[in-house]
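**Student:** Dropping a structure here in structure tokens format, bear with me for questions.
The values are calculated or read from the model by the stated rules, or taken from the named source; none is laboratory data. Model, not experiment: these values are computed from the prediction. As a convention, Cβ positions derive from the backbone with ideal geometry for all residues, glycine included, and neighbour counts pool all protein chains shown.
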Amino acid sequence: MATKSLERLIDEFNRLPGIGRKSAARLAFHVLEMNEIQVDRFIEALKDVKTSVKKCKTCGNFSESDYCEICSDPIRDKKIICVVEDSRDIIPLEKTNKYRGTYHVLNGKIAPLNGITPDKLNIKSLLERVAKEDVEEVIIALDPDLEGETTALYLTKLLKHFDIKVTKIASGIPMGGNIEYADTATITRALEGRTEI
């Protein structure tokens, strides 16, 4: 039988995505075994990430300054923008060491049944970037599920008004799959085999 404070900690861990009740209990008991210094470091890390991390003014990726490292990198090809659902999707794409363009984070996918309409996504700033910057290609790299496909079609329609190439990553990632969990080889094939929409 857990104490009230321990039960509360288990409940808080259980609210995290991918953490079931048993995993939450393991984490809570681990916290009990930590010494004061470790607990203080853990608390400080949580506070620090909430106060230090913000969204990049250009792409919407997480950053500790106004512009993320990718947008600030003069070597990156600013003529290519890869559109992703959220910041987590950038990590596996970067691990391939094949993509040297920039990114744009939508912060979700169109899902009307869940109340996520286009106006709730970071689409307006993407269109502004394409209009103002010398962009030649927009790669749509969204999960190949119903919401991802719907969002890709919507973006394609909007981007067709610009004189740019609009491509979609190849289907190396299976329908219903998740970019975040795909291996590097699969993502590399998907990037290299992208098709124009």
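**Student:** Being of a type in the set (A, V, I, L, M, F, W, C) and not assigned by TED's automatic domain parsing to the domain that holds LEU127: is that true of CYS82 here? Walk me through how you get there before you give the answer.
**Tutor:** Numbers: of a type in the set (A, V, I, L, M, F, W, C): yes; not assigned by TED's automatic domain parsing to the domain that holds LEU127: no.
In short, no.
**Student:** Quick test of your reading of the structure: PHE13 fulfils all but one of (1) buried (at least 16 other Cβ atoms within 10 Å of the Cβ); (2) on the phi > 0 side of the Ramachandran plot. Name the failing condition by number.
**Tutor:** Going through the list (1) buried (at least 16 other Cβ atoms within 10 Å of the Cβ); (2) on the phi > 0 side of the Ramachandran plot, PHE13 breaks only (2).
**Student:** Tell me which of these GLU94 doesn't satisfy, since it passes every other one: (1) surrounded by 12 or more Cβ atoms within 10 Å (Cβ to Cβ); (2) at pLDDT 95 or above; (3) among the acidic types (Asp, Glu).
**Tutor:** Only one criterion is unmet by GLU94, namely (2).
**Student:** Now a separate question. What number goes with the only condition from (1) of a type in the set (A, V, I, L, M); (2) modelled with pLDDT of 90 or more; (3) surrounded by fewer than 19 Cβ atoms within 10 Å (Cβ to Cβ); (4) more than 20 Å from SER63 (Cβ to Cβ) that ILE140 does not pass?
**Tutor:** Of (1) of a type in the set (A, V, I, L, M); (2) modelled with pLDDT of 90 or more; (3) surrounded by fewer than 19 Cβ atoms within 10 Å (Cβ to Cβ); (4) more than 20 Å from SER63 (Cβ to Cβ), only one is false for ILE140: (3).
**Student:** For the list (1) of a type in the set (A, V, I, L, M, F, W, C); (2) under 21 Å from the mean Cα position of the chain (by Cα); (3) exposed (fewer than 13 other Cβ atoms within 10 Å of the Cβ), I need the number of the one condition that ILE75 fails.
**Tutor:** So ILE75 meets the others, but not (2).
**Student:** Since GLY176 meets every condition but one in (1) out of contact with any Lys or Arg (no Cβ under 9 Å at 6 or more places or on another chain); (2) in a loop (DSSP other than H, G, I, E, B); (3) at pLDDT 90 or above, which condition does it not meet?
**Tutor:** (3)
**Student:** Take THR151 and decide whether it is surrounded by 17 or more Cβ atoms within 10 Å (Cβ to Cβ) and either modelled with pLDDT under 85 or not in a helix (DSSP H, G or I) (or both). Give the derivation first.
**Tutor:** Working: surrounded by 17 or more Cβ atoms within 10 Å (Cβ to Cβ): yes; either modelled with pLDDT under 85 or not in a helix (DSSP H, G or I) (or both): no.
For THR151, the condition - surrounded by 17 or more Cβ atoms within 10 Å (Cβ to Cβ) and either modelled with pLDDT under 85 or not in a helix (DSSP H, G or I) (or both) - is not met.
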